[in-house]
Every structure is written in C-alpha cells, then in structure tokens.
Amino acid sequence: MRAYIDSDILIWHLRGNSKALHFLKELQEKKEYEFWTGVIQRAEVVFFMRKEEEKNTLLFLSQFKTAPVDQTIVDVGGILYRKWNPTHGTDINDALLAATVKHTGGKIYCLNKKHYPMPEIIVEKPF
C-alpha cells in the first residue's frame, strides 16, 4: 500500500524531530507500505532547503517515490478544493495530494488531519 507522507512530517524529520524519525522507521519496518509523497509536498521541501541542507535533504527524499500531477489529478483536485476550501480551509497543496490518493489509492500521513476532511480519503496522524 502507498503511504503518502505529507510535507509537515518530512520537514519535522529533516529538523531532527525524534517522533518523526521514529514514525518513519516504524512504518518502514512494517514492509507493507511504499513511501510516497506528492509532487507539491516534495516541492515544499526542496524549494525551501538551504544550500548546506541540499545533500542530506535529497538523500532523504530519495527514499520516497514522487507521485506526478497530471490533468486528471488537477481536475479532481479542483473539485476537492472548491468543495472543502470554504468550510475547512483546504488549500491547493492538500487538494492535489488528496486527489492523488483518490486516484492511486493509499493513505495520507500528516500532522493536521483537518487539511483532509474528505471522507473517501484515509488520513492518519502519526504522532
């Protein structure tokens, strides 16, 4: 099963948060999950890394497959955004990741489940 790791967990891990490290190690040991992230979530990490963080960040991210965004994902993401932004503040990044999961299967791990109010999307808070 695909485990989509949201950028908040990726960033906390890169900042040395022991809970994020423990969660990722535990999930990896289960061997039932493939590590994935969305293209926008990867971009959130890569765009804001500092020069001195580049080597370690890219090495860490190499453990994740990155789901591409295509026309179908954008169109479904737009539907999710228009439905959930007014009531829950779902942003474009979250809507695109939710659309990716809706299209490919799997579940999202994130620290703020309110970003993903869609009942058809499985979302878990890891710590």
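Every number here is computed from the coordinates shown, using simple stated rules; none is lab data. Remember, predicted model here, so these are calculated numbers, not experimental data. With ideal geometry, Cβ positions are generated from the backbone for all residues, glycine too; neighbour counts draw on all protein chains shown.
Using Cα-Cα distances under 8 Å and only pairs 6 or more residues apart, what relative contact order does the chain have, in percent? Don't jump to the answer; show the numbers that get you there.
Values: 177 pairs, mean separation 38.0, N = 127.
About 30 percent, as a whole number.
Using a simple charge model, +1 on the beta-carbon of Lys and Arg, -1 on the beta-carbon of Asp and Glu, nothing else, what dipole does the chain show about its Cα centre, in debye to the nearest 20?
The dipole magnitude comes to about 200 debye.
Tell me the angle of helix 92-104 to the major Cα principal axis of the chain, expressed in degrees between 0 and 90 and rounded to the nearest ten.
Orientation of helix 92-104: about 90 degrees from the principal axis.
Please list, ordered by chain and number, the residues whose modelled amide H lies under 5 Å from the amide H of GLY106; skip anything fewer than 5 residues away on the same chain.
Those lying under 5 Å, H to H, from GLY106 are ARG2.
Give the distance, in whole Å, between the Cα centre of region 72-127 and the Cα centre of region 7-31.
First find each Cα centre; the distance between them is then 20 Å.
For the chain, find the longest principal axis of its Cα atoms and tell me its angle to the long axis of helix 71-88, 0 to 90°, nearest 10.
With both axes taken from Cα atoms, the answer is about 80 degrees.
Go through region 105-112 residue by residue and turn each phi into a ³J(HN,Hα) via Karplus (6.51, -1.76, 1.60, θ = phi - 60°); whole Hz please, and just put x for glycine and proline.
My calculation for region 105-112 gives x, x, 9, 9, 10, 8, 8, 10 Hz in order.
Just to be sure I follow the rule: in region 38-106, considering lysines 8 or more places apart or on different chains, how many pairs have Cα atoms under 23 Å apart?
4
Between TYR116, LEU80, VAL101, whose Cα lies farthest towards the positive end of the dipole of region 63-127 when Lys and Arg beta carbons carry +1 and Asp and Glu beta carbons carry -1, centred on the Cα centre?
Farthest along the dipole direction, towards plus: TYR116.
Once you have the Kirkwood Rh of the chain from its Cα pairs, apply Stokes-Einstein at 10 °C and 1.306 mPa s and quote D in µm²/s.
107 µm²/s
How would you rank 110-117, 63-70, highest first, on the average number of other Cβ atoms within 10 Å across their residues?
Going by the mean number of other Cβ atoms within 10 Å, highest first, we get 110-117, 63-70.
With a ≥ b ≥ c the root eigenvalues of the C-alpha gyration tensor of region 1-53, is it rounded (a/c under 1.5), prolate (a/b larger than b/c) or oblate?
oblate
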